[in-house]
Every structure is written in C-alpha cells, then in structure tokens.
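Chemist: Here's a structure for you.
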C-alpha cells in the first residue's frame, strides 16, 4: 500500500476502535445522552447541554426538564459488537485500498406502522421489568438504528396491535428517533406538554446533514 493508503487505513482502524469504545458498558450514559440530543433536535426542541441530566439510577436514563427518558436502542437482527470487530480485523489486515471499501447496502423502506409494532415489542422486556406503576412515570424513547432501512412512508399511522400493546405496558409517553426523523407515538395527558403537542407527527427539524448526536458547542 502507498503511504497515503496506509494513513487512510490507520484512520479507519482508529475510528472503528473509537466506535467500539463508545459502545462499551462504561459509555452507556454517553450514548443515552446522544440519543436524547438527537431526538430533541429532529423534533425541533431547543435545549442546552446542561438540561440533559443523567438519571441518578434506573429506571430514569436521562432527564430533560420534566421528561424522564427510559432509552432503548433497536438494532434489528444485527450483532453490533461482532460486526465491528470483524470490520476492525478487516481494516487491520487490509493489503490494498479495495480491501477497505465497505460493501454497498441498499436501503429498504420501513413503514411507520411496522416500526411501531417493532418498538412495542422491543419495549416489552423493559415494561415487564419495571411494571405499569413505574412505566406510568416514564417517557420511553427508542432509537431505531437498523442499517439498510429508512422510514417510509412518513404517514404517522400507528399499528393497532402496537397501540394496544403500548397502552398495556403503561408508558407515560413513547417516542422514537429514526435519523433524520423524530416522532411521538403515544403521549398521555400527564406527560410533558411538548411531547403531547407533537404526537402523531413525523418531524425532521435538524437542518444539517450530520451532527445529530454531537454535543452543542459553546458560542
């Protein structure tokens, strides 16, 4: 490999190692803050960094004003750590620039109705763990992070089975961030007003091509 290609390989190795570190157990609260940040940005809610407060203990992951987020990531069928370690090994052992190229992945639409059903299923374990009484004080936030899928159509049509299941689970509200969109699926009367006011809509209010998860820079 040419020196420039080796340098590029080194940058890919470093980036993958950094990603593995981000998804380690010790960075759980960092990831949860990132998800809350992205959700609020796509929803069009102004905030400051000091308003995103790590919960002192379960079941509250992140507090934002009166919101008490319980955050869950939905990965689909993939095994993220295994995939990242395979990718790291491939980059480390690459002998040519072609070995560094990621395979092209076509994006397949995932409807709002289907994703709502998947969200209800993904939250069931947490709901069983905490119980209806605790869930009634929590705002569930699901980060849909499935490579090769995108939200379409954008009509916010909640699947009836999902609606019934989420009602049974008892969350005060249920929202999702599916980059570049945010949506509030369910919001009951006692949940924060900004969530109730945005229920049943798909929002894309972040006007930048990247940076959904990044900390705000001081002006």
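Chemist: Would you please put 96-103, 186-193, 67-74 in order of how densely packed they are, using the mean number of other Cβ atoms within 10 angstrom per residue and starting with the highest?
Modeler: Numbers: 96-103: 10.1, 186-193: 16.0, 67-74: 20.9.
The densest-packed peptide leads the list: 67-74, 186-193, 96-103.
Chemist: One-quarter of the Cα convex hull surface for the stretch 1-108, in nm²?
Modeler: Details: hull surface 38.1 nm².
Mean projected area for the stretch 1-108: 9.5 nm², to one decimal.
Chemist: Provide the FRET efficiency to the nearest 0.05 for the residue 113-residue 167 pair, computing r from the beta carbons and using R0 = 22 Å.
Modeler: The value I calculate is 0.85.
Chemist: Taking 0.36 nm per residue of separation and subtracting the Cα-Cα distance, what length does fully extending residue 4 through residue 189 add?
Modeler: Computed gain between residue 4 and residue 189 is 60.8 nm.
Chemist: In addition: If packing is taken as the average number of other Cβ atoms within 10 Å across a peptide's residues, how do 127-137, 76-86 rank, most packed first?
Modeler: Numbers: 127-137: 15.1, 76-86: 11.6.
Final packing ranking: 127-137, 76-86.
Chemist: Rounded to the nearest 5, what is the percent of antiparallel bridges among the DSSP beta bridges in the chain?
Modeler: Details: 14 of 29 bridges.
DSSP beta bridges in the chain are roughly 50 percent antiparallel.
Chemist: Given contacts defined as C-alpha pairs under 8 Å and at least six residues apart, what's the relative contact order of the chain, whole-number percent? Mind showing how you got there, number by number?
Modeler: Working: 337 pairs, mean separation 53.3, N = 219.
Here the relative contact order equals 24 percent.
Chemist: Let me ask something else. Mind pulling the angle between the C-alpha long axis of helix 112-135 and the longest principal axis of the chain? Nearest 10 degrees, somewhere in 0 to 90.
Modeler: Taking the Cα atoms of the chain, the angle to 112-135 is about 60 degrees.
Chemist: Give the relative contact order (percent, whole number) for the stretch 15-130; include only Cα pairs under 8 Å separated by 6+ residues. Show your work: numbers first, answer last.
Modeler: On the way: 66 pairs, mean separation 21.9, N = 116.
Rounded, it is 19 percent for the stretch 15-130.
Chemist: Here are a few candidate values for Rg and Dmax of the Cα atoms in Å: (1) 20.4, 94; (2) 16.7, 52; (3) 18.9, 62. Which one was actually calculated from the structure I just gave you?
Modeler: From the options (1) 20.4, 94; (2) 16.7, 52; (3) 18.9, 62, the structure gives (3).
Chemist: Quick one: grab the alpha carbon gyration tensor of the stretch 71-133, order the square roots of its eigenvalues as a ≥ b ≥ c, and give me rounded if a/c is under 1.5, else prolate or oblate depending on whether a/b is larger than b/c. Mind showing how you got there, number by number?
Modeler: Numbers: a/c = 6.20, a/b = 2.09, b/c = 2.96.
Oblate, since a/c reaches 1.5 and b/c is not below a/b.
Chemist: Now for a different question. To the nearest 10 degrees, how steep is helix 3-22 against the longest Cα principal axis of the chain, on a 0 to 90 scale?
Modeler: 30
Chemist: Helix 160-169 versus the longest principal axis of the chain: what angle, 0 to 90°, nearest 10, using Cα atoms?
Modeler: Result, in degrees: 80.
Coordinate-derived values only; no laboratory data. Predicted, not measured: the structure shown is a model, and the values here were computed from it. Cβ coordinates were reconstructed from backbone atoms using ideal geometry, including for glycine residues, and neighbour counts include every protein chain displayed.
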